[in-house]
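Participant: The structure's right below; bear with me while I get my questions together.
The values are calculated or read from the model by the stated rules, or taken from the named source; none is laboratory data. Nothing here was measured: the structure is a model prediction, and the numbers come from that model. No Cβ is skipped: glycine too gets one built from the backbone with ideal geometry, and neighbour counts run over all protein chains shown.
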Ligand SMILES: [Mn+2]
């Protein structure tokens, strides 16, 4: 069993270096894996699957997932706080299965809890209040029925380059609350939790043997998480540094 876990790519058309890193990852890391789990914020801005038609940039991303899926790697995509409007059309274009907000998988018999992780940032009360509204099917329907011109205008505004850096820097995101993480693991009877969102990559090993892996965003040099031979390893992105790929 070889499974790969990633999150917080924040793929965004002006950011060519992250795109190059993604292309290299799909070509080098994914082939032969049994499963690829994308745990939210794959896309920096996604205001609904109505953005898909005619969008060559996102279709190129989807096509790479679809090719991996056709080659035998199961693709699973969870929504993040930036791409919570990902829907069935996008998932279908990727040959992917959409995951619920929290999901438990078994890796060689071990229960592992997966989530984007924004629900763990409970000290950010304003965000959690907004989240309860935004993450509903009703909001998803409203967003998808916006006129294309308005949606594109909003997307372009959100996509501005300096805005992208501000919005993805860890300083602007509150950290996960460790007690909330433990409570979620207890509720799901999982000894391992994997999440992203905070952009603070880490391996938290708890005294009771439980562990929490926090995945990195793709704008810093770190790596992806892989399960193979019954253990997790962080694998550095080494094909090679994104500057030489993206120019
Ligand atoms: Mn996020």
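Participant: Which residues, counting only those in the range 2-32, are more than 16 Å from the ligand (Cβ to nearest atom) and on the phi > 0 side of the Ramachandran plot?
Facilitator: 32, the sole residue that qualifies.
Participant: State whether one or more residues within the range 135-145 are within 16 Å of the ligand (Cβ to nearest atom) and either over 26 Å from residue 35 (Cβ atoms) or exposed (fewer than 12 other Cβ atoms within 10 Å of the Cβ) (or both).
Facilitator: Among the residues of the range 135-145, not one is within 16 Å of the ligand (Cβ to nearest atom) and either over 26 Å from residue 35 (Cβ atoms) or exposed (fewer than 12 other Cβ atoms within 10 Å of the Cβ) (or both), which makes the answer no.
Participant: Which condition breaks for residue 53 when tested against (1) touching a residue at least 12 places away in the same chain (Cβ under 8 Å); (2) surrounded by fewer than 20 Cβ atoms within 10 Å (Cβ to Cβ)?
Facilitator: With respect to (1) touching a residue at least 12 places away in the same chain (Cβ under 8 Å); (2) surrounded by fewer than 20 Cβ atoms within 10 Å (Cβ to Cβ), residue 53 is out only on (1).
Participant: Could you identify the single residue in 21, 79 that is over 14 Å from the mean Cα position of the chain (by Cα), closer than 19 Å to residue 217 by Cβ and crowded, with 20+ Cβ neighbours inside 10 Å?
Facilitator: Checking each option against the conditions leaves just 21.
Participant: Given the structure, is residue 75 more than 15 Å from the ligand (Cβ to nearest atom), touching a helix residue (DSSP H, G or I) at 6+ places or on another chain (Cβ under 8 Å) and modelled with pLDDT under 90?
Facilitator: So residue 75 does not fit the description; no.
Participant: Restricting the first residue to the range 29-48 and requiring it to be under 20 Å from residue 2 (Cβ atoms), which pairs with a second residue that is within 12 Å of the ligand (Cβ to nearest atom) meet a Cβ separation below 6 Å and a spacing of at least six or different chains?
Facilitator: What qualifies is 39/7; 39/78; 39/116; 39/196.
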